[in-house]
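J.: Before I ask anything, let me first share the structure, which is written out below as structure tokens.
The values are calculated or read from the model by the stated rules, or taken from the named source; none is laboratory data. Given the structure is predicted, the values throughout are model-derived calculations rather than measurements. As a convention, Cβ positions derive from the backbone with ideal geometry for all residues, glycine included, and neighbour counts pool all protein chains shown. Note: accessible area is taken over every heavy atom of the protein model, side chains too, but ligands, DNA and RNA are not part of it. Shrake-Rupley method; radii C 1.70, N 1.55, O 1.52, S 1.80 Å.
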Amino acid sequence: MAVGADDDVSDHAFGSSEQLPSPLIFRLTRRVTASLPRQSEQASSTAVYCGVREFSCDEDCVAIPEWLLQTAGLAVGEPVAVEFVRPEKGLFAQLQALDSAAASVGDLRAILEAHMRSNLTALSVGETFRVPVGDMDQPLSFSVVALEPLGAVDIVDTDLSVDILQADGVV
């Protein structure tokens with residue numbers, strides 16, 4: 001399967017009668033090919049976990065938002081392995097703000113939780129995601145530092161406890 005970037009992926013929605021069971025979570029990794037030595041593949045590719053909003057791509061193709069491509073270390077057109085998984089429900093997440101501007105956001109926790117609830121289905125340690133904030137020109141970036149019970153968790157319909165570390169390390 002080849003990767004294609006899709007900046008509009010987050011804008012797609014299911015038709016009312018076409019919804020899939022929720023959550024439908026997949027692990028994406030670079031697919032092993034004979035021309036790529038196994039050691040360099042492992043060093044440059046990270047598994048990421050994501051949900052599927054719709055199935056409208058051509059056969060043998062998957063559209064992935066740019067931020068997810070970057071997190072996975074994938075490039076457009078590169079072979080990717082897509083595996084259905086059922087991670088455990090998340091209990092705890094520690095997120096590191098990567099932008100010092102996060103400290104000046106009034107109710108950062110509410111903005112972050114609303115974004116996660118409507119845009120993410122799973123989290124994995126090492127993943128970075130962006131959160132648009134009101135009138136800020138650029139979205140804030142957050143890195144997933146720690147998760148419980150495992151390094152990748154389902155965050156749909158769960159009471160996830162979230163700790164936020166500011167860019168300077170202050171909670």
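J.: State all residues of region 99-133 that are touching a residue at least 60 places away in the same chain (Cβ under 8 Å), closer than 24 Å to P149 by Cβ and of a type in the set (D, E, K, R); if no residue qualifies, say none.
T.: Listed by number, the list holds a single entry, E127.
J.: While we're looking at this one, here's another question. Tell me, which strands (runs of 3 or more DSSP E) lie completely within region 126-167 with 1 or more residues that are more than 22 Å from V52 (Cβ to Cβ) and modelled with pLDDT of 90 or more?
T.: Where strands (runs of 3 or more DSSP E) fall fully within region 126-167 and carry at least 1 residues being more than 22 Å from V52 (Cβ to Cβ) and modelled with pLDDT of 90 or more, they are 140-148, 161-165.
J.: When E83 is evaluated against the numbered criteria (1) more than 17 Å from I25 (Cα to Cα); (2) charged (D, E, K, R); (3) exposed (fewer than 13 other Cβ atoms within 10 Å of the Cβ), which criterion, by number, is the only one it fails?
T.: If we test E83 against (1) more than 17 Å from I25 (Cα to Cα); (2) charged (D, E, K, R); (3) exposed (fewer than 13 other Cβ atoms within 10 Å of the Cβ), just (1) comes out false.
J.: Something else about it: Does region 141-163 hold any residues that are buried (at least 19 other Cβ atoms within 10 Å of the Cβ) and of a type in the set (A, V, I, L, M, F, W, C), and which are they?
T.: Listed by number, the residues that qualify are F142, V144, L147, A152, V153, I155, L160.
J.: I want to confirm something. Restricting to region 86-98 and keeping residues that are within 15 Å of V144 (Cα to Cα) and outside any strand (DSSP E or B), which single residue is least open to solvent (accessible area, probe 1.4 Å)?
T.: It comes out as G90.
J.: Being at pLDDT 75 or above and either of a type in the set (A, V, I, L, M, F, W, C) or surrounded by 11 or more Cβ atoms within 10 Å (Cβ to Cβ) (or both) is true for just one of L20, L36, L69. Which residue is that?
T.: Numbers: L20 fails: at pLDDT 75 or above; L36 fails: at pLDDT 75 or above.
So the residue among L20, L36, L69 that is at pLDDT 75 or above and either of a type in the set (A, V, I, L, M, F, W, C) or surrounded by 11 or more Cβ atoms within 10 Å (Cβ to Cβ) (or both) is L69.
J.: So which residues in region 113-140 are among the hydroxyl-bearing types (S, T, Y) and either touching a helix residue (DSSP H, G or I) at 6+ places or on another chain (Cβ under 9 Å) or exposed (fewer than 15 other Cβ atoms within 10 Å of the Cβ) (or both), if there are any at all?
T.: S118, S124, T128
J.: Could you identify the single residue in A110, A43, A101 that is at pLDDT below 90, part of a helix (DSSP H, G or I), among the aliphatic types (A, V, I, L, M) and loosely packed, with under 12 Cβ neighbours inside 10 Å?
T.: A43
J.: Which members of region 62-79 meet the condition of being in a strand (DSSP E or B) and free of Cβ contacts under 8 Å to residues at least 60 places away in the same chain?
T.: A63
J.: For E59, state whether it is surrounded by fewer than 18 Cβ atoms within 10 Å (Cβ to Cβ) and part of a helix (DSSP H, G or I). Even if it seems obvious, please write down each step before you answer.
T.: Working: surrounded by fewer than 18 Cβ atoms within 10 Å (Cβ to Cβ): yes; part of a helix (DSSP H, G or I): no.
No, not satisfied.
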